[in-house]
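I have placed the structure first, in the form of structure tokens, so that the comments after it can refer back to it.
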């Protein structure tokens with residue numbers, strides 16, 4: 001982009017971010033997720049860092065929040081309430097450290113260490129104490145002026161209504177809480193006239209996961225809309241005009257900063273002082289002597305965040321030495337000496353560079369968006385599925401658009417929303433091709449999908465190969481798409497059955513294929529000559545047959561011989577199989593080319609007939625759906641356990657679902673389960689159920 005285009009991009013980003021920030025901070029509404037907004041802010045921040053001549057006073061990077069609501073009186077903060085810039089990777093954190101180190105002397109660099117706090121997903125507040133009593137409490141507002149919500153904050157039991165007034169904190173503290181500094185007398189600040197000055201404490205108000213669930217149950221019973229996340233409830237509760245409503249929400253709070261001078265030398269000491277006053281501080285916060293320890297702290301809480309009874313979306317990393325922190329100063333809305341190190345996002349914003357067509361194993365044409373590289377849940381992605389032509393039309397997507405892309409539940413990335421307001425006018429419409437890009441056969445449309453009807457299409461054959469060796473089919477580790485493409489291009493295999501005839505000498509001459517690699521792959525293939533009936537049926541790549549349908553067929557028929565000889569009405573009798581699927585399976589086993597392939601394959605492998613190996617049917621009649629990634633077991637292992645105990649598995653949530661098992665980063669299935677009133681259980685609850 002030239003400089004004029006950069007300026008236009010910055011202007012559009014500012015307008016979009018300001019719109020969504022106003023909805024979020026002032027109206028307690030959200031049109032896009034926090035992760036998507038963070039991604040837009042990060043793009044704006046990076047562009048402004050690269051092109052500082054385009055930074056203006058009205059940029060979202062130069063201020064904090066929205067306007068105070070008119071219903072509340074306004075309070076001016078004694079010092080501006082700042083926010084933090086975001087980092088999403090180790091590289092971002094190293095860049096931050098490098099930036100601040102340039103402003104420090106050698107001695108100061110040697111003293112650099114950090115205090116790390118869990119970043120609570122709540123509402124920032126300021127508490128003002130005069131003569132030891134809570135005089136006022138305010139929201140962040142625009143950073144300079146906040147909303148007076150004193151009466152509501154008084155209902156939060158974690159916030160003390162008064163703080164102890166003693167000549168010395170050290171004499172009041174218990175030994176195990178003592179501030180570790182021998183030469184400092186921590187005294188309450190006094191004005192020149194000798195009266196106690198104001199003590200200003202800052203923190204966060206939030207709601208626990210348990211209370212969040214309770215409130216949504218009440219909302220559902222009343223027929224009211226359920227809240228999207230705990231942060232929205234916390235913000236809405238603090239802004240209630242009736243304190244009784246706030247009190248009923250059972251809000252919680254952590255204090256994390258002190259804007260009064262108690263001669264504290266470090267941020268860690270600040271936490272000890274506010275704890276000595278009787279404030280609730282987060283026991284999980286930690287001193288870190290260097291960036292490596294910061295990374296360890298971040299990784300630990302990214303893995304264990306689900307064990308907490310409140311939501312966090314990252315950690316805050318603060319330069320621990322107060323003098324160094326103050327010297328680093330403020331740039332725009334954020335202190336240089338602190339940064340929010342966010343967890344990998346389930347959503348981010350990026351640009352669509354192109355739309356390509358992918359030919360599937362059943363001939364389905366799937367449009368795939370080629371993306372400007374972006375990190376989602378810690379993984380760099382450059383592709384996102386668009387499913388079909390109708391989905392492109394529904395999204396209103398054009399090549400060149402800025403989009404929100406998601407990867408919730410660790411599924412294939414997909415485009416969630418288009419942001420047309422960031423368009424330049426150069427975006428192009430996408431047109432579906434009339435012919436298969438692989439074999440040039442004219443496409444046919446079936447329902448919403450365009451298909452290549454040519455079963456000999458080379459692209460289809462390749463995709464069928466990939467499916468055959470995949471983890472949920474024959475699970476031939478090390479035999480990826482690139483190797484399969486080479487085998488096909490060199491004529492070493494014609495169909496998947498030929499894989500089992502490969503010898504080390506066949507593979508060694510292939511480009512970049514060492515002798516040891518060839519030996520290992522041949523050995524791996526030979527170890528996969530035995531397969532269960534359900535996995536075998538799934539590996540065949542029959543249209544409309546997923547893992548669960550393959551299992552239903554295996555349970556019903558027991559052997560591949562019976563499947564081959566079955567009539568159409570036999571398939572129709574199976575409980576979970578409808579007429580379309582029945583016809584698809586029956587047709588596959590009637591085609592001569594398929595039967596020849598089966599005959600060839602059966603000579604080289606052993607298919608284990610289906611036989612339920614358990615006498616424990618404790619999950620019999622129960623249907624399960626899994627969403628998100630599990631930690632103690634793989635999803636395949638969880639599915640296998642459910643089947644062994646007589647349970648059923650479905651890929652979609654419906655009124656017939658009994659349980660939805662939720663892992664890390666769950667997708668829309670969890671939301672649907674909540675709306676339908678389906679019981680949602682954690683991985684730990686599931687483990688207890690199958691114990």
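Tell me, yes or no, whether segment 588-600 has at least one residue that is in contact with a helix residue (DSSP H, G or I) (Cβ under 6 Å, 6 or more places away or on another chain), farther than 17 Å from residue 546 by Cα, modelled with pLDDT of 85 or more and surrounded by 14 or more Cβ atoms within 10 Å (Cβ to Cβ). Within segment 588-600, one or more residues are in contact with a helix residue (DSSP H, G or I) (Cβ under 6 Å, 6 or more places away or on another chain), farther than 17 Å from residue 546 by Cα, modelled with pLDDT of 85 or more and surrounded by 14 or more Cβ atoms within 10 Å (Cβ to Cβ). Considering the conditions (1) outside any helix (DSSP H, G or I); (2) in contact with a helix residue (DSSP H, G or I) (Cβ under 9 Å, 6 or more places away or on another chain), residue 464 is excluded by exactly one of them, (1). Inside segment 425-440, residues that are farther than 16 Å from residue 366 by Cα and in contact with a strand residue (DSSP E or B) (Cβ under 7 Å, 6 or more places away or on another chain) make up a count of 2.
Identify the residue in segment 446-464 that is surrounded by 16 or more Cβ atoms within 10 Å (Cβ to Cβ) and free of Cβ contacts under 8 Å to residues at least 40 places away in the same chain and, among all such residues, is farthest from residue 352 (Cα to Cα). Per the criteria, the residue is 461. Each residue in segment 444-461 was checked for being assigned to a helix (DSSP H, G or I) and more than 19 Å from residue 546 (Cα to Cα), and 2 of them qualify.
The set of residues in segment 601-612 that are surrounded by fewer than 17 Cβ atoms within 10 Å (Cβ to Cβ) and within 18 Å of residue 565 (Cβ to Cβ) comprises 602, 609.
For segment 395-412, filtered to residues that are in a loop (DSSP other than H, G, I, E, B) and at pLDDT below 90, the residue that is surrounded by the fewest Cβ atoms within 10 Å (Cβ to Cβ) is 412. Residue check: residue 592 meets all listed conditions (1) without any contact (Cβ under 8 Å) to a residue 24 or more places away in the chain; (2) farther than 30 Å from residue 496 by Cα; (3) more than 19 Å from the chain's Cα centre (by Cα) but one, namely (2).
Consider segment 83-112 and keep the residues that are under 26 Å from the mean Cα position of the chain (by Cα) and assigned to a loop (DSSP other than H, G, I, E, B). The one that is farthest from residue 298 (Cα to Cα) is 83. The residue that is surrounded by the most Cβ atoms within 10 Å (Cβ to Cβ), among those in segment 225-259 that are touching a helix residue (DSSP H, G or I) at 6+ places or on another chain (Cβ under 8 Å) and free of Cβ contacts under 8 Å to residues at least 40 places away in the same chain, is 233.
For segment 620-632, a tally of residues being at pLDDT below 85 and under 19 Å from residue 684 (Cα atoms) returns 5. Of everything in segment 640-691, what is loosely packed, with under 15 Cβ neighbours inside 10 Å, part of a helix (DSSP H, G or I) and within 25 Å of the chain's Cα centre (by Cα)? Give them in sequence order. Matches in segment 640-691: 668, 675, 676, 684, 685.
If you filter segment 413-432 down to residues that are in a loop (DSSP other than H, G, I, E, B) and surrounded by 14 or more Cβ atoms within 10 Å (Cβ to Cβ), you find that the one that is nearest to the chain's Cα centre (by Cα) is 413.
Residues that are more than 32 Å from the chain's Cα centre (by Cα), more than 23 Å from residue 310 (Cβ to Cβ) and buried (at least 22 other Cβ atoms within 10 Å of the Cβ) within segment 113-146 comprise just one, 129.
If you check 443, 499, 510, 479 for being free of Cβ contacts under 8 Å to residues at least 40 places away in the same chain and either within 38 Å of the chain's Cα centre (by Cα) or within 30 Å of residue 564 (Cα to Cα) (or both), only one passes: 499.
The values are calculated or read from the model by the stated rules, or taken from the named source; none is laboratory data. Note that the coordinates shown come from a computational prediction; the quantities given were computed from them, not determined experimentally. Here the Cβ is made from the backbone with ideal geometry for all residues, glycine too, and neighbour counts use every protein chain on show.
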